[in-house]
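Q: Structure in structure tokens, see below.
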Amino acid sequence: MTTSRRVLIPVGLALAVAIAFSPVLRADFVNWDDDANILRNPYYRGLAPANLSWMFTTFHMGHYQPLAWLTLGLDYVLWGMNPAGYHFTNLLLHGVNTILCYLVFLGLLRRVRSDDDGVLSSAAALGALFYGIHPLRVESVAWVTERRDVLCGFFFLLSILSYLRMLRAQAEGTPWKRWLALSCAAFAASLLSKSLGIMLPFLLFALDVYPLRRVTPEQRKRVLLEKLPFLVLAVADGILMMRAMSALGQVRATAAYAPGDRLLQGGYGLWFYLWKTVLPLQLHAMYALADWESLWRAEYVGPLIASILVSAGLLAARRRWPAGLATWVCYAILLAPVLGFFVKGYQRAADRYSYLSCLPFSFLAAAGIAALLSARRGARIPETTYRVSLAGAATGLGLLALITFFQSGVWTNSITLWDRVLLYERRGALPFVNRGTARAARGDTDGALADLSEALRINPQNEDAIVNRGLVRHGKGDLSGAMRDYTQALTINPRSFEAWNNRAILRTLIQDWDGALRDIEQALRLRTSEPEPYVTRAGAREAKGDLDGALADCETALHLAAPNWRCRGDVESMIARLRKRKTP
């Protein structure tokens, strides 16, 4: 391969990704986990020992992701709370991943095809481009919370690349164990970013079967032993993952989730990502799966049947087209942890789950392009066929880039995000709650009340909708209605921090200082990481003459708050007033 090609291909891939995803650089944080992970979370902000200790010990939001927290902490050091910086880091990582994808595809093609490097590098580049600019990647890149996806992907691809380098060293008779160690280290780092790549040891074995063809009687023992350290890491991470998800409370008990439902959800997922890879339309952020929904209907039975037919067809054609079955097996292996066989959340599918699982489809595309280019060079196909195929591939890639560009714009803010969801998905309460919350933040109280009312029509016991309706009523001056909402939310969930905190604020407005202090104590038992409850308690303590307690609360609030916290000036003024009152 020429030096210019070595440089131009990675630069071209990075540039294409940057253009396709450029709208994300204008995006804000959204009120779907970004608020809990970034806006209301002081613990990740910085790289001090206290921050690092938290990052490596927390299961915050049901994930163990210390390396992802490290990068977010670095973002805070570099950008503060400017969302453009966080989005830039996500985009940068995805651009690097697309280049790594190219290198992995090139390494695999070199081992299975004898074409010259010009053919192989072109095919690998187009396969990587298909992966990098595909609209299914948007959720992982455009959502700051999913930093863990792109970081996990970086180490995952690095692990495969190191594994391929190990195979090359073995073939050349040079030291290879360091490459195995590097591959294992990269795998461990991917697991410490997110557990999405936990099936890597099984993927590597599948690749050893085909296309690498290493599982022979002579090599079988070595091949299996090579996977042992990967398997140990995967098992350890699986234990951590189940503990983290159980702590979140989003995992449905095994006994409550029938085997038939698991099979239906798994079949739906297998078909969903294949179909959306081929036709990536109507993508959005919330494919809801309600607890009350029966899965025994056409929406789920049809995809299960389609998945079975695809599996049977590829199995039958395995001798004529082994690449098809190998691709399907690798895809199923990577997707297995999120198919619903083991755990059930509130979504039947999610675009972000394709970030690693659809890599096999992209490699199949690269292999197909390599075959096309090779056939043309060997004059085994008519020139017209080649030109039409190439034009079709170029048109398809252009359309994918265009869809990705517009899909990236969906993540501009919380309103655009949930507007998109509600175009296609109106069965769940969550999209209405979140859009209602976003509308209230913009001052659209009538729109907010309409959304929250619809959420409560879908699920009358949705505490988030009730709490947020209380906030809107509070803002409109309906204090008695707000009080009823907060109290109702607490009857549904006595551990609702928001309900205790908001009711305490409301009690301060009617000068019920004792009631406010009781409520805020309950709130602080549930959450101590946010500054606002301390400010509320400071006001109540000042009103009751406890100036020392009020001053301590204000100082705690400032310690917890971000530098650009909107209430910082008011709290500093309160501290000055309290100190003046304490002065004889």
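The values are calculated or read from the model by the stated rules, or taken from the named source; none is laboratory data. Quantities reported herein were computed from a predicted structural model and do not represent experimental measurements. Here the Cβ positions follow ideal geometry from the backbone for every residue, glycine too, while neighbour counts run over all protein chains shown.
Q: For GLU532, are the conditions met, namely being more than 16 Å from ASN41 (Cα to Cα) and buried (at least 16 other Cβ atoms within 10 Å of the Cβ)?
A: Values: more than 16 Å from ASN41 (Cα to Cα): no; buried (at least 16 other Cβ atoms within 10 Å of the Cβ): yes.
Judged against the criteria, GLU532 is not a match.
Q: If you don't mind, another one. Return only the number of the condition from (1) surrounded by fewer than 22 Cβ atoms within 10 Å (Cβ to Cβ); (2) under 23 Å from TYR76 (Cβ atoms) that ALA557 does not satisfy.
A: For ALA557, the exception is condition (1).
Q: Within region 136-155, how many residues turn out to be hydroxyl-bearing (Ser, Thr, Tyr) and either touching a Cys at 6+ places or on another chain (Cβ under 7 Å) or outside any helix (DSSP H, G or I) (or both)?
A: Within region 136-155, the first condition is being hydroxyl-bearing (Ser, Thr, Tyr), and the residues that meet it are 140, 145.
Now drop any that are not either touching a Cys at 6+ places or on another chain (Cβ under 7 Å) or outside any helix (DSSP H, G or I) (or both), which leaves none.
Going through region 136-155 one residue at a time, the tally reaches 0.
Q: Mind checking which residues of region 118-154 are over 25 Å from SER193 (Cα atoms), out of contact with any Ser or Thr (no Cβ under 9 Å at 6 or more places or on another chain) and of a type outside the set (A, V, I, L, M)?
A: Within region 118-154, SER121, SER122 qualify.
Q: Can you give me the number of residues within region 363-393 that are closer than 30 Å to ARG262 by Cβ and surrounded by 23 or more Cβ atoms within 10 Å (Cβ to Cβ)?
A: Our first condition is that a residue be closer than 30 Å to ARG262 by Cβ; within region 363-393, this holds for 363-364.
Adding the requirement that they be surrounded by 23 or more Cβ atoms within 10 Å (Cβ to Cβ) leaves 363.
Residues that pass the stated criteria total 1.
Q: Kindly indicate whether GLY238 is of a type outside the set (A, V, I, L, M, F, W, C), modelled with pLDDT under 95, within 28 Å of LEU67 (Cα to Cα) and surrounded by fewer than 18 Cβ atoms within 10 Å (Cβ to Cβ). So that I can check it myself, show each step before the final result.
A: Values: of a type outside the set (A, V, I, L, M, F, W, C): yes; modelled with pLDDT under 95: yes; within 28 Å of LEU67 (Cα to Cα): yes; surrounded by fewer than 18 Cβ atoms within 10 Å (Cβ to Cβ): yes.
So GLY238 fits the description; yes.
Q: Can you spot a residue in region 334-354 that is touching a residue at least 60 places away in the same chain (Cβ under 8 Å), assigned by TED's automatic domain parsing to the domain that holds PHE154 and over 26 Å from the mean Cα position of the chain (by Cα)?
A: So far as region 334-354 goes, no, none of its residues is touching a residue at least 60 places away in the same chain (Cβ under 8 Å), assigned by TED's automatic domain parsing to the domain that holds PHE154 and over 26 Å from the mean Cα position of the chain (by Cα).
Q: So, in region 192-235, of the ones that are in a loop (DSSP other than H, G, I, E, B) and exposed (fewer than 14 other Cβ atoms within 10 Å of the Cβ), which residue ends up nearest to the chain's Cα centre (by Cα)?
A: So the first thing to find is which residues in region 192-235 are in a loop (DSSP other than H, G, I, E, B), and the list is 192-194, 198-199, 210-219.
Those still in the list that are exposed (fewer than 14 other Cβ atoms within 10 Å of the Cβ) too: 213, 216-218.
Details: ARG213: 34, THR216: 38, PRO217: 41, GLU218: 41 Å.
Filtering region 192-235 for residues that are in a loop (DSSP other than H, G, I, E, B) and exposed (fewer than 14 other Cβ atoms within 10 Å of the Cβ), the one nearest to the chain's Cα centre (by Cα) comes out as ARG213.
Q: Return only the number of the condition from (1) farther than 28 Å from ILE198 by Cβ; (2) surrounded by fewer than 21 Cβ atoms within 10 Å (Cβ to Cβ); (3) small (Gly, Ala, Ser) that SER311 does not satisfy.
A: Just one mismatch for SER311, condition (1).
Q: ARG469 passes all but one of (1) among the charged types (D, E, K, R); (2) in contact with a Leu (Cβ under 6 Å, 6 or more places away or on another chain); (3) under 29 Å from GLU555 (Cβ atoms); which number fails?
A: (3)
Q: Name, by its number, the condition in (1) under 14 Å from VAL144 (Cβ atoms); (2) in contact (Cβ under 8 Å) with a residue 12 or more places away in the chain; (3) not small (Gly, Ala, Ser) that does not hold for THR58.
A: Here THR58 clears every test but (1).
Q: Has region 79-97 got at least one residue that is over 18 Å from the mean Cα position of the chain (by Cα) and crowded, with 19+ Cβ neighbours inside 10 Å?
A: Looking for residues that are over 18 Å from the mean Cα position of the chain (by Cα) and crowded, with 19+ Cβ neighbours inside 10 Å, one finds none in region 79-97, hence no.
Q: Moving on to the next point. Which residue pairs have Cβ atoms closer than 7 Å, lie 6 or more positions apart in sequence or on different chains, and pair a first residue in region 487-498 that is under 17 Å from THR528 (Cα atoms) with a second residue that is in a loop (DSSP other than H, G, I, E, B) and of a type outside the set (Val, Ile, Thr)?
A: PHE497/ARG527
Q: Among the residues in region 406-420, are any at pLDDT below 95, β-branched (Val, Ile, Thr) and surrounded by fewer than 17 Cβ atoms within 10 Å (Cβ to Cβ)? Lay out the reasoning, then the answer.
A: Just the residues of region 406-420 that are at pLDDT below 95, to begin with: none.
There is no residue in region 406-420 that is at pLDDT below 95, β-branched (Val, Ile, Thr) and surrounded by fewer than 17 Cβ atoms within 10 Å (Cβ to Cβ).
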